[in-house]
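To keep things clear, I will list the structure first and then write my remarks on it.
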Amino acid sequence: MDTLILGIESSCDETAAAVIKNGRHIMSNIISTQVDLHKKYGGVVPEIASRKHVELIIPVINQALEEAGVLLSDIDAIGVTYGPGLVGALLVGLTAGKAIAYTTNKPLVGVHHIEGHIAANYLQYPELEPPFICLVASGGHSHIVHVKDYREFEILGQTRDDAAGEAFDKISRAIGLGYPGGPLIDKYAQKGNSKAIPFPRVYFDDGTLDFSFSGLKTAVLNYLNRMEQTGEAINIPDIAASFQQAVVDVLVKNTIAAAKLKNIKKIALAGGVAANSQLRHDMKEIAEKQGMEVMYPGLILCTDNAAMIGCAAYYEFIKGERAGMDLNAIPGLKLG
């Protein structure tokens, strides 16, 4: 008997719903993005995002059901993101999920957003099973996770300040490219020289595999100020390429170190930064020299989506996890 999960995601600026069959098959994956809405502000405005989610959540859910060719009565459980994320945005999807679960008498499953990003790899690689190492890098998160089992995680490294995606957004604004920073820096970097400017790489000597990108961000801003004061021409592709390479070098080195530490040969990427072409290239090239396999989801599964939430919810559901109507949004929810 097939198990159908309705996944709902609204943690930031994507309103999304999906229907997932047996944890691995995407029957529908509807995403309504607000990127153009927030672009003029240079980043996501939480209040605007929340209001837009209210407008879109029911039409998006209806479209997901319609595209999957199923009715609510066919759904076995509702999986919904309850953290981390923007609290107002989270509450919209969570309230919709709870309302559907209550009125249809279906089980409700709360899903951790980062767990969802990790699960995106199961949709891309149906044969993938834990254990593996997963680098989760996005606008709000930079984690190296030891995925011991479907619901068992160990954090091996995390950011101490800016997340990788956040750093991309800030530097993109600083060099006049705008928002969202990740795709724009990736695009310009391909025309630049990644060795043109020796921006710093931060590694900790305290035995951790943590990240810090605030010093790198400051170094780029200081470079821009210095160039402006001396009247020298600013080469945006070179800055983009040099900055991007500095971020990628740290992400790759620490992730491979984590895989060696745990003697694991499988590495997965997840989150919006996993769409970065330099990160994909370098991780694959360097890891394969170490005899490791690298996996990453398709671009649509890297950004926030509900298919990954439906997948993660499936593994929670079959293990008997159920949430009550008192499930609340937790914007700072920790993994593990």
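Just so you know, all these numbers are worked out from the coordinates, no wet-lab data involved. None of the values given here were measured: they were computed from a predicted structure. Methodologically, a virtual Cβ is constructed for each residue, glycine included, from the backbone with ideal geometry; neighbour enumeration extends over all protein chains shown.
Give the total of Lys-Lys pairs in the range 1-115 with Cα-Cα distances below 18 Å; include a pair only if its members are 8 or more places apart or on different chains. Taking the range 1-115 as the scope, the lysine pair count is 4. Computed about the Cα centre, the dipole magnitude for the range 131-297 is approximately 300 debye when only Lys and Arg (+1) and Asp and Glu (-1) carry charge, each at its Cβ.
In order along the range 224-237, phi translates into HN-Hα couplings of 4, 5, 5, 5, 5, 5, 8, x, 7, 5, 9, 9, 4, x Hz, rounded to whole numbers, per the Karplus curve 6.51 cos²θ - 1.76 cosθ + 1.60 with θ = phi - 60° and x for Gly and Pro. For the chain, the relative contact order is 25 percent, taking Cα pairs closer than 8 Å that sit 6 or more residues apart in sequence and dividing their mean separation by the residue count.
Between Asp161 and His25, how high is the FRET efficiency from 1/(1 + (r/R0)^6) when r is the Cβ-Cβ distance and R₀ = 41 Å? Nearest 0.05. The formula returns an efficiency of 0.55 here.
Rounded to whole numbers, the Karplus 3J(HN,Hα) couplings from phi for the range 121-136 are 5, 5, 6, 6, 10, x, 8, 5, 10, x, x, 7, 9, 10, 8, 9 Hz, using 6.51 cos²θ - 1.76 cosθ + 1.60 with θ = phi - 60°, and x at Gly and Pro. In this calculation the C-beta distance from Asp149 to Glu66 is compared with R0 = 45 Å, giving a FRET efficiency of 0.85.
Kirkwood radius, the range 262-326, all distinct C-alpha pairs, inverse of mean reciprocal distance: 13.9 Å. Under 11 Å from a point placed 7 Å out from the Cα of Ala99 along the Cα-to-Cβ direction: which residues of the range 29-67 have their backbone N that close? Within reach of a label on Ala99, which here means backbone N under 11 Å from a point 7 Å along Cα→Cβ, the range 29-67 contributes 54-59. Tilt of helix 87-104 relative to the longest C-alpha principal axis of the chain, in degrees (0 to 90, nearest 10)? Once rounded, the angle reads 20 degrees. Under 17 Å of direct C-alpha separation, and excluding same-chain neighbours fewer than eight residues apart, Lys170 reaches these aspartates and glutamates: Asp161, Asp162, Asp186, Asp238. Quick one: angle between helix 307-317 and the longest Cα principal axis of the chain, in degrees between 0 and 90, rounded to 10, please. It is inclined by approximately 50 degrees. Rounded to the nearest 20 debye, the dipole magnitude of the chain is 440 debye, with +1 charges on Lys and Arg beta carbons, -1 on Asp and Glu beta carbons, and the Cα centre as origin.
In this simple spin-label approximation, Asp2 and Thr218 carry label points 7 Å from Cα along the Cα→Cβ vector, and these lie 5.5 nm apart. Across the range 52-72, the residues whose backbone nitrogen lies under 18 Å from the label position 7 Å along the beta-carbon direction of Val35 are 53.
When Rg and Dmax are taken over the Cα atoms of the range 131-297, they come to 15.9, 55 Å. The P(r) of the range 15-85 has a tail past 15 Å containing 60 percent of all C-alpha pairs.
Derived value for the range 6-146: Kirkwood hydrodynamic radius 15.7 Å. Basis is the mean of 1/r over every pair of different alpha-carbon atoms.
Along its principal axes, the chain has C-alpha extents of 67, 46, 32 angstrom, given from the largest down.
Could you let me know the centre-to-centre spacing of the range 287-311 and the range 17-77, using Cα atoms, in angstrom? For the range 287-311 versus the range 17-77, the Cα centre distance is 20 Å. DSSP beta bridges confined to the chain are antiparallel in about 60 percent of cases. Ranking Leu123, Ser11, Gly157 by Cα position along the charge dipole of the chain, where only Lys, Arg, Asp and Glu carry charges on their C-beta atoms, puts Gly157 farthest toward the positive end. Here the range 29-141 is treated with +1 on each Lys and Arg Cβ and -1 on each Asp and Glu Cβ, and its dipole about the Cα centre works out to around 500 debye. Sequence-ordered 3J(HN,Hα) estimates for the range 144-157 from the Karplus curve with 6.51, -1.76 and 1.60 and θ = phi - 60° stand at 9, 10, 8, 7, 6, 8, 4, 10, 10, 10, 10, 7, 9, x Hz, glycine and proline given as x. Which residue fluctuates the most in the chain, going by a Gaussian network model with Cα springs under 10 Å, if the choices are Ala246, Ala167, Ala306? Looking only at Ala246, Ala167, Ala306, the biggest GNM fluctuation is shown by Ala246.
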